[in-house]
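Presented below is the structure to which this report refers.
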Amino acid sequence: MNESIRIALVDDHCLCRRGLTELFDHCYGFSVVGDTGNAAEVMRILNERQPDLLIMDLRMEPVDGLSILGEIRKSGCNTPVAILTMSDSEADLASAMRLGAKGYLLKDMDPEEVVSAVRRIASGELVVAPAMTMKFMNFLQNGEQEQTRKTSIELLTEREKEILQHLARGESNKVIARMLDISYDTVKQHVRHILFKLKLASRVEAAVFAVEHRASEGRTSH
């Protein structure tokens, strides 16, 4: 009953990681068991330290939090992940939720609010920052549109499906053009068509969709 909530931190700003570590170390019932700013270290920490909750930034370099979250999901790891970010973008919120995040918190929240929210997430609740409540409601109301996207992939040409998979790997238009031996402008045009057909707002959302679609195909094929 009195066991600490074991937390791991992922943020490419060392100062932020140190601040969060100090915050949780001074709060009863928490234990920071690992932290990193390196995407390549995340899975090692999850496997070796086995935290109860991973708290992760979204906007990181060179690998963003959504890409890391997608890799965690593809690996089959079921450690809950809470996003702690400066981004109040509805698109980022929706992408994180679709990838299975259990919380979406903002860095401008009061420390006490963050601690309280993290306790709730660790206990199994899905928590979003108060400032994101309306955007989260919009995300829930647009759930039917997400179902439509799952069938919309049938509208893509074979070339567009191929490019969609490259987007899922985080490759730039220049890299895709070189790998497929087509022009940069042709790739840009294909990406525009993909976003239009799938009713997505950005290439990041397209990458998230591709990861999710591939995961759902894997589940149905078993």
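Express in nm, to one decimal, how much length is gained between Asn78 and Arg59 on full extension, taking 0.36 nm for each residue of separation and deducting their alpha carbon distance. Don't skip to the answer; put the middle values down first.
Values: separation 19, 0.36 × 19 = 6.84 nm, distance 2.22 nm.
The Asn78-Arg59 span can extend by a further 4.6 nm.
Hey, which lysines would be in cross-link range of Lys107, C-alpha to C-alpha under 19 Å, not counting anything within fewer than 8 residues on its own chain?
Lys135
Can you find, among Val63, His190, Gly100, the residue sitting farthest towards the positive end of the charge dipole of the chain, where Lys and Arg contribute +1 and Asp and Glu -1 at Cβ?
His190
Let me check the size of the range 5-140 from its C-alpha atoms; what are the radius of gyration and Dmax in Å?
According to the Cα coordinates of the range 5-140, Rg and Dmax are 13.5, 37 Å.
Please give the contour-minus-distance gain from Gln189 to Glu41: 0.36 nm per residue of separation, less the Cα-Cα distance, rounded to one decimal in nm.
Answer, rounded to one decimal: 49.7 nm.
Could you check which residue among Asp12, Asp88, Asp108 shows the biggest mean-square fluctuation in a GNM of the chain with a 10 Å Cα cutoff?
Residue with maximal mean-square fluctuation among Asp12, Asp88, Asp108: Asp108.
Using label points projected 7 Å from each Cα along Cα→Cβ, tell me how many nm separate Glu160 and Arg49, to one decimal.
Here the answer is 4.3 nm between the modelled labels.
Exposure proxy check: Leu54, Leu15, Leu195, Leu126 ranked by fewest other beta carbons within 10 Å?
Values: Leu54 25, Leu15 8, Leu195 17, Leu126 14.
In order of increasing Cβ crowding within 10 Å: Leu15, Leu126, Leu195, Leu54.
Given +1 on the Cβ of Lys and Arg, -1 on the Cβ of Asp and Glu, and no further charges, what dipole in debye does the chain carry about its Cα centre, rounded to the nearest 20?
Details: 28 positive and 33 negative charges, 144 e Å.
Its charge dipole is roughly 700 debye.
Would you mind giving the three semi-axes, in whole Å and largest first, of the ellipsoid equivalent to the range 63-129 according to its Cα gyration tensor? Intermediate values should be presented prior to the final figure.
Details: eigenvalues 74, 43, 17 Å².
Ellipsoid half-lengths, sorted descending, are 19, 15, 9 Å.
Can you give me the long-range amide H partners of Leu106? Hydrogens built in the peptide plane at 1.01 Å from N, cutoff under 5 Å, separation of 5 or more residues or another chain.
So Leu106 has HN proximity to Thr85, Ala129.
With a 10 Å Cβ neighbour count serving as the proxy for reagent exposure, in which order, fewest first, do Phe196, Phe139, Phe209 appear?
On the way: Phe196 11, Phe139 21, Phe209 25.
Arranged by neighbour count, lowest to highest, Phe196, Phe139, Phe209 become Phe196, Phe139, Phe209.
From the residues Asn47, Val114, Phe30, which one has its Cα farthest along the dipole of the chain in the positive direction, the dipole being from +1 and -1 charges on Cβ of Lys/Arg and Asp/Glu about the Cα centre?
It is Asn47.
Place a label point 7 angstrom from the Cα of Ser202 along the Cα-to-Cβ direction, then list the residues of the range 65-85 whose backbone nitrogen is under 18 Å away.
Once the point is set 7 Å along Cα→Cβ of Ser202, 65-71, 83-85 turn out to lie under 18 Å by backbone N, inside the range 65-85.
If you average the sequence gap of Cα pairs under 8 Å that are 6 or more apart and divide by the length of the range 5-140, what percent do you get for the contact order? Don't skip to the end; give the middle numbers.
Numbers: 201 pairs, mean separation 28.0, N = 136.
Across the range 5-140, relative contact order equals 21 percent.
None of the figures in this text is laboratory data; all of them are computed from the coordinates on show. Since we're looking at a predicted model, the values are computed, not measured. Glycine gets a Cβ as well: all are built from the backbone with ideal geometry, and neighbour counts include every protein chain shown.
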